[in-house]
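First up is the structure itself, then whatever we jot down about it.
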Amino acid sequence: MNGLRFATVLKRWYTNNFRDLPWRRTRDPYAIWVSEIMLQQTRVETVIPYYERFLARFPDVAALARASEADVLSAWSGLGYYSRARNLQRAACQIAKAGSFPRDFESILALPGIGAYTAAAVASIAFGEPRAAVDGNVLRVLSRIGNDSSDIGSQASKAAFQSQADALLDRKDPATFNQAMMELGATVCLPRAPRCLLCPVSAFCEARKEGTENQLPIKLRRAAMDEVEMTVAIVENAGRILMWKRESRGMMAGFWELPEAGLLPTLKRLRAAGAFMHTIMNRRYRVQVIAGRLAKAPARFQWIAMEALPTMPVSTIARKALAKCTS
Ligand code: SF4
């Protein structure tokens with residue numbers, strides 16, 4: 001394939017068609033880094049308001065490094081995967097201590113919570129370093145362009161796709177090239193129904209020629225989901241909600257949760273408030289929500305004023321359950 005021609009066509013398409021997203025209006029490495037971390041496992045539409053609020057609250061590395069963990073988690077509350085927020089703040093503390101944002105791939109990669117994709121994205125977009133950023137969208141595009149049926153989940157295939165992306169990369173303008181590849185995967189080379197008729201690089205696409213675009217990429221099945229049933233109780237008393245706080249270590253450390261109904265033996269059930277599904281890693285929760293009343297709360301629980309909840313780190317399951325009661 002003519003890599004130069006591919007990059008030229010792709011970049012021209014991107015320049016005329018890119019979505020005007022807030023993090024694309026800046027070259028500030030901090031802002032780009034925050035956006036990339038938020039976008040991991042989270043949709044663009046969901047991220048935009050979180051990104052804008054987060055940057056308004058913590059406008060630079062120093063502000064994030066100074067903030068309390070509770071403040072950071074509260075700003076992240078609802079985005080899930082909270083280790084991302086904790087690592088973001090740990091990295092901000094390291095950067096603040098060092099005095100400036102690291103400017104190359106290897107030093108960015110050394111920060112907590114940053115993998116090869118994020119380091120390449122920040123290094124190329126903020127500093128123009130010629131590194132191909134390969135995320136899930138780009139893996140899909142590459143597997144189709146090359147009509148490559150290797151498992152995109154395997155480490156060996158990922159390394160091969162990375163080499164392929166590095167070979168295609170426009171080394172003079174890696175920022176535009178990387179963003180164009182991501183945009184192509186996010187808006188045209190879609191997982192289920194690729195929009196090949198609108199694709200700027202269809203002439204380079206081997207899968208399109210062979211008619212295999214809908215069978216690619218290949219991703220072999222990993223471990224099955226664990227299904228978990230739970231019932232949470234919303235117990236209200238004079239504008240306060242019964243909650244408990246997780247330990248300061250371990251999963252979701254420091255977050256506030258609603259009590260599970262089974263832990264409140266004297267709970268008087270008033271009504272069913274609804275149900276929802278929530279997935280964390282490879283665990284799928286089916287959550288029933290009930291409203292109840294309680295004369296006396298067991299010792300580990302606390303009464304929390306409802307107006308304080310928006311500024312507290314509250315788990316996504318608890319937020320979704322509370323929304324059932326207020327909707
Ligand atoms: S032609 Fe179709 S399958 Fe190939 S890169 Fe474009 S959208 Fe993806």
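Quick notes
- Every Cα-Cα pair of the stretch 131-280 was included, and the share exceeding 23 Å stands at 57 percent.
- Helix content alone sets the calculated 222 nm mean residue ellipticity of the chain: runs of n ≥ 4 DSSP H residues at -39500 (n - 2.57) each, divided across all residues, give -13000 deg cm²/dmol.
- Equivalent-ellipsoid semi-axes of the stretch 46-179, from the Cα gyration tensor, Å, largest first: 30, 17, 13
- Here Leu263 and Ala110 are evaluated by their C-beta separation; at R0 = 45 Å the FRET efficiency comes out at 0.60.
- FRET efficiency, 1/(1 + (r/R0)^6) with R0 30 Å, evaluated for Arg84 and Met230 via beta carbons: 0.80
- With the gyration tensor restricted to C-alpha atoms of the chain, the semi-axes of the equivalent ellipsoid amount to 42, 24, 16 Å, longest first.
- Potential lengthening between Met277 and Arg240 on full extension [0.36 nm per residue; Cα-Cα distance subtracted]: 10.8 nm
- Residues of the stretch 26-51 falling in the label zone of Arg66, defined by backbone nitrogen less than 20 Å from a point 7 Å along Cα to beta-carbon, are 29-31, 34.
- The stretch 1-48 versus the stretch 183-205: alpha-carbon centroid distance in Å: 16 Å
- Theoretical gain in end-to-end length, Arg319 to Thr42 [0.36 nm per residue, Cα-Cα removed]: 98.0 nm
- With Cα atoms, 0 to 90° folded angle of helix 136-145 axis to the chain main axis: 30 degrees
- If a spin label sat at a point 7 angstrom from the Cα of Arg53 along the line to its beta carbon, the backbone N atoms of the stretch 67-95 nearer than 11 Å would be those of 74-79.
- In the stretch 226-326, inverting the average of 1/r over every pair of distinct C-alpha atoms gives 13.9 Å as the Kirkwood radius.
- Between helix 316-326 and the chain there is an angle of about 60 degrees, using the helix long axis and the longest principal axis of the Cα atoms.
- Here the simple spin-label model places points 7 Å from the Cα toward Cβ, and for Thr8 and Arg27 these points are separated by 2.5 nm.
- Crossing angle, helix 3-17 versus the chain [Cα axis fit, 0-90 degrees, rounded to tens]: 50 degrees
Bear in mind that the values in this text are calculations on the coordinates, not laboratory data. Nothing here was measured: the structure is a model prediction, and the numbers come from that model. Please note: Cβ atoms are built from the backbone with ideal geometry, for glycine as well, and neighbour counts cover all protein chains shown.
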